């Protein structure tokens, strides 16, 4: 019986971390800038949500090393990310908070 091992990507170098930090800084500056723009009133919340999701994905992928680990760890993390809002909504619905 053969044991197969997952193919791992090489871990990032310090230069990669600096590049990711720069990208996160640029996204953060864009978030701050968007909050000060008055002509984007209806689009501010969606833009901020998209930028926050992008930063979340970068942080999880690079700093939590999910990008470099076995695919099972990514799947388990994604199951949790999907399950938490569903569970939270079910609890709020149970206590009548969502019904109004």
- line: With the first residue restricted to segment 12-34 and required to be surrounded by 10 or more Cβ atoms within 10 Å (Cβ to Cβ), and the second required to be not in a helix (DSSP H, G or I), Cβ contacts under 8 Å at 6 or more apart or on different chains are 12/68; 20/12
field: Test: residue 37 is touching a helix residue (DSSP H, G or I) at 6+ places or on another chain (Cβ under 9 Å) and at pLDDT 85 or above
entry: yes
field: Answer residue from segment 55-76, given it is surrounded by 14 or more Cβ atoms within 10 Å (Cβ to Cβ) and assigned to a helix (DSSP H, G or I) and is modelled with the highest pLDDT among those
entry: 55
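The values are calculated or read from the model by the stated rules, or taken from the named source; none is laboratory data. Treat the numbers as computed from the prediction; the structure is a model and nothing was measured. Positions of Cβ are backbone-derived with ideal geometry, glycine not excepted, and every protein chain shown enters the neighbour counts.
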